[in-house]
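Take a look at the structure below.
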Amino acid sequence: MWGRLIAIVVKELKQLSRDRMTFGMIVMIPLLQLVLFGYAINTDVRHVPAGIIDMSQTTYSRAITQTVVATQAVDFVHQYYSIKEAEKAITNGEVKAVLYLPVDLPQRLLIHPSYDSKRESSQITRPVGQWLLDGSDTMVASTIRALRTLPLNEVANRATVMSVPTFEVVEYFNPEQRSAVNIVPGLLAIILTMTMIMFTSAAIVRERELGNMEFLIVTPVHPLELMLGKIIPYILVGLIQVAIILSAGHWIFSVPVRGGLDSLLLASFLFICASLALGLVISTIVNTQLQAMQLTIFVLMPSILLSGFMFPYEAMPIGAQWAAEMLPATHFIRMVRGIVLREAEVTSLGKDALWLLGFTCVGVLLAAKRFNKHL
């Protein structure tokens with residue numbers, strides 16, 4: 001018995017060594033995911049893109065700005081000149097937060113010399129400024145709220161006795177800080193990634209395994225026509241999934257859908273097409289449905305961890321952000337959260353929309369080029 005058992009084991013190992021695709025997946029997928037996720041997974045949010053409205057334009061306001069930047073929690077990438085302009089930037093996802101410094105900032109910081117000099121400290125009752133915050137991302141919002149109190153004693157006159165100034169925080173879109181509000185739109189991207197890629201990644205392989213490749217060879221169907229025919233039925237399936245997930249999220253978890261249905265439909269359509277195109281490319285690379293499933297999981301894991309679904313995009317190192325930008329889920333999560341939670345328009349999210357459209361075109365053309373109508 002042992003001799004027969006060993007013979008079967010040796011046979012399987014030799015067969016596995018000849019299957020370069022499977023052998024590569026066994027070795028490379030764990031290594032790539034270990035390195036990528038080891039660098040990318042970080043709950044310590046830093047360098048959040050922020051804006052500033054400096055109505056004071058004094059040395060005090062500049063000192064406060066430098067103190068905030070020194071925390072490395074935010075980077076002031078834009079300057080605005082009105083609250084309305086800042087609110088529009090937050091809605092469009094241009095920045096995550098805006099620091100507002102009022103005109104009377106020096107009066108809020110400094111204490112009048114005649115103010116009860118016998119006391120060792122005096123509490124400032126008015127905030128020295130205000131944070132306008134996108135509350136839809138709970139982890140980023142927590143980071144900004146931690147900046148409400150900063151050691152700004154050196155900002156004011158050193159001869160002045162003062163307490164630690166504070167900032168007021170105004171949260172938009174999710175003031176209750178409910179996690180479901182942020183998770184459900186992101187979960188839509190993850191579910192569509194899994195199902196859409198899975199449907200089409202095995203499309204060509206399934207035809208070969210079922211013995212239908214001969215019929216495709218003798219037909220006058222062009223490879224591009226075949227690729228388009230493979231993805232069109234699943235577009236409707238994906239849109240049905242979008243309706244189910246958002247409806248269930250609204251009724252079960254009270255997740256608001258603030259944006260227009262036309263914008264949501266267009267964004268979902270672009271992402272579904274991009275995911276299906278990626279699945280077709282995978283289908284032309286693999287030889288079996290098992291390999292197609294493995295590559296689908298290989299794409300799904302980065303989509304979960306790098307797209308901003310679980311961990312803030314801003315917390316990742318630059319290299320991980322570059323990798324995240326290659327994933328359709330990253331662009332769709334930005335779009336769907338902007339539309340569903342912040343009532344943004346697709347036109348204001350044009351870069352992500354164009355990226356998904358370009359990804360779809362390249363993917364379909366690449367799959368059609370790689371597909372050969374022969375056994």
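The values are calculated or read from the model by the stated rules, or taken from the named source; none is laboratory data. Everything numeric in this text was worked out from a predicted model, so none of it was measured. Methodologically, a virtual Cβ is constructed for each residue, glycine included, from the backbone with ideal geometry; neighbour enumeration extends over all protein chains shown. Heads up: the accessible areas ignore ligands, DNA and RNA and are worked out on the full protein's heavy atoms, side chains in. Shrake-Rupley method; radii C 1.70, N 1.55, O 1.52, S 1.80 Å.
The set of residues in the range 283-298 that are more than 19 Å from the chain's Cα centre (by Cα) and open to solvent by 10 Å² or more (accessible area, probe 1.4 Å) comprises 284, 285, 287, 288, 289, 290, 293, 294, 295. Restricting the range 99-135 to residues that are at pLDDT below 85 and of a type in the set (Ser, Thr, Tyr), the residue that is least open to solvent (accessible area, probe 1.4 Å) is 122.
Taking first residues from the range 60-81 that are polar (S, T, N, Q) and partners that are assigned to a helix (DSSP H, G or I), the Cβ contacts under 9 Å between residues at least 6 apart in sequence or on separate chains come to 61/105; 61/106; 71/146; 71/147. Comparison of 276, 266, 228 shows that the only residue that is part of a helix (DSSP H, G or I), modelled with pLDDT of 90 or more and open to solvent by 50 Å² or more (accessible area, probe 1.4 Å) is 266.
Only residues that are within 25 Å of residue 333 (Cα to Cα) and modelled with pLDDT of 85 or more: list them for the range 140-177, please. Once the filter is applied, which keeps residues that are within 25 Å of residue 333 (Cα to Cα) and modelled with pLDDT of 85 or more, the range 140-177 yields 140, 141, 142, 143, 144, 145, 170, 171, 172, 173. Does residue 4 satisfy the condition of being open to solvent by 60 Å² or more (accessible area, probe 1.4 Å) and either at pLDDT 75 or above or not in a helix (DSSP H, G or I) (or both)? Answer is no for this residue. The single residue among 88, 96 that is basic (Lys, Arg) and open to solvent by less than 80 Å² (accessible area, probe 1.4 Å) turns out to be 96.
Evaluation of residue 13 against the conditions (1) at pLDDT 75 or above; (2) open to solvent by 80 Å² or more (accessible area, probe 1.4 Å) shows that the sole unmet condition is (1). When each of 338, 308, 363 is tested for being buried (at least 19 other Cβ atoms within 10 Å of the Cβ) and not in a helix (DSSP H, G or I), the lone residue that passes is 308. Residue count for the range 288-325 under the criterion of being under 19 Å from residue 134 (Cβ atoms) and aromatic (Phe, Trp, Tyr): the result is 3. Look at (1) assigned to a loop (DSSP other than H, G, I, E, B); (2) open to solvent by 30 Å² or more (accessible area, probe 1.4 Å) and you find that residue 301 fails only one, number (1). Residues in the range 341-351 that are in contact (Cβ under 8 Å) with a residue 40 or more places away in the chain and part of a helix (DSSP H, G or I): 5 in all.
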